[in-house]
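Reading through the structure tokens given below for one structure.
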Amino acid sequence: MNTFASRPTAPTQVSASDWQDRGSCRGTDTDMFFSPEGERGHARARRERAAKQICQDCPVLTECRTHAVTAAEPYGIWGGLSETDRNRHRRRTGRAFRQPRDQVATPRAHTVEN
């Protein structure tokens, strides 16, 4: 029997979006994180609270939040923040969210040395 696990693999470059594969939201219906057309009031608040609850203990919360701010994601819950949260912060401070120095992610590259 031939399986992928039995095949040797060469080290690969780690993609900047690999964090998305480790998110607590992985496999969750995206409707939880993005507002349907015309959603307002209590229904929206309830959906956003549920999405933020998933984000609360996510192992990649910082990476997700950083992506949302640097990419200026216009819609959805990203890193536990709604578009309203992100816009409010930008208006109030004139800048994007910043990570604490000890949580700044540095890209890792796996390369094959000769």
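Observations on the structure shown:
- If the condition is being assigned to a helix (DSSP H, G or I) and touching a residue at least 40 places away in the same chain (Cβ under 8 Å), then region 42-66 contributes Thr62, Glu63, Cys64.
- Against the test of being open to solvent by 60 Å² or more (accessible area, probe 1.4 Å), outside any loop (DSSP other than H, G, I, E, B) and either at pLDDT 90 or above or aromatic (Phe, Trp, Tyr) (or both), the options Asp85, Asp21 yield a single qualifying residue, Asp21.
The values are calculated or read from the model by the stated rules, or taken from the named source; none is laboratory data. Please read these numbers as outputs of a predicted model, since none were measured by experiment. Every residue, glycine as well, gets a Cβ built from its backbone with ideal geometry; the counts of neighbours run over all protein chains shown. Each accessible area value is taken on the protein alone, full model and side chains, heavy atoms only, with ligands, DNA and RNA left out. Shrake-Rupley method; radii C 1.70, N 1.55, O 1.52, S 1.80 Å.
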